[in-house]
Amino acid sequence: MTRHQLTDEAKPPHAPVRQLTLRFSGTRRGARLARQLAAQQFTEWTGLPYDSDPARTVALVTAELASNAVRHGSLPGRDFRLTLLLLPDRFRVEVTDTRPERLPPPVTPRPADETSGRGLLIVQSYADRWGRTARDSYTKTVWAEVHLRTTGS
């Protein structure tokens, strides 16, 4: 099992040091606001610079997960939920949408001429761990974790 392998784990193994949960409209604007909030909250909670590698990774991963929730997990008039968790050694992003029957497909490389379908490949490449869960028949959560290291910043 690789560190990126898709799992059904939903709860982080350690209690969060800090947690924030908000709902956003299932629109492109909602996804953009979720990305901006995640980056801002990350820098506020960790004290790491906005342009550090972990902060950029959090922004990118949140953008992809929120975009997928809007594009593939949204029902008309339904929001998605963003949960940010600061854990002792990592930052966790969880995006919950209203389409549990639409679980993320296995991540496979895409041909260069395809214009979509690379979002989870990006998440897999940048996050230290990621996965998904559908705990009930109404929602699913896709999550990703970023370790709090500052190499390369």
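The values are calculated or read from the model by the stated rules, or taken from the named source; none is laboratory data. Only a predicted model underlies this, so the values are computations on that prediction, with no experimental measurement involved. All Cβ positions, even for glycine, are placed from backbone atoms using ideal geometry, and neighbour counts span all protein chains on display. With ligands, DNA and RNA removed, areas are computed over all heavy atoms of the protein, side chains included. Shrake-Rupley method; radii C 1.70, N 1.55, O 1.52, S 1.80 Å.
Taking Leu20, Leu86 and ordering them by how much accessible surface each has at a 1.4 Å probe, largest first, produces Leu20, Leu86. How much FRET efficiency would the formula 1/(1 + (r/R0)^6) give for Gln36 and Asp136, where r is the Cβ-Cβ distance and R0 is 30 Å, rounded to 0.05? Rounded to the nearest 0.05, the efficiency is 0.55. Remark: accessible surface ordering of Leu75, Leu87 (largest first) is Leu75, Leu87, probe radius 1.4 Å.
Residues in the range 30-38 carry Karplus couplings, in order, of x, 5, 5, 5, 4, 4, 5, 5, 4 Hz; the curve used is 6.51 cos²θ - 1.76 cosθ + 1.60 with θ = phi - 60°, and Gly or Pro positions show x. A 1.4 Å probe over all protein chains sorts His72, His147 by accessible area into His72, His147, starting with the largest. Computing FRET efficiency as 1/(1 + (r/R0)^6) for Asp53 and Arg29, where r is the C-beta to C-beta distance and R0 is 25 Å, gives about 0.40.
Only protein heavy atoms count here; on that basis, with a 1.4 Å probe, Leu148 has an accessible area of about 50 Å². All other residues whose Cβ lies under 9 angstrom from that of Ala63 are scored, Lys and Arg at +1 and Asp and Glu at -1, for a net of +1. Taking a Cβ cut-off of under 11 Å around Arg149, the surrounding Lys, Arg, Asp and Glu residues balance to a net charge of -2, with basic ones at +1 and acidic ones at -1. With a Förster radius of 35 Å applied to the C-beta separation of Ile122 and Arg18, the computed FRET efficiency comes to 0.85. Fully extending the segment from Arg78 to Trp45 would add 9.0 nm, taking 0.36 nm per residue of separation and subtracting the current Cα-Cα distance.
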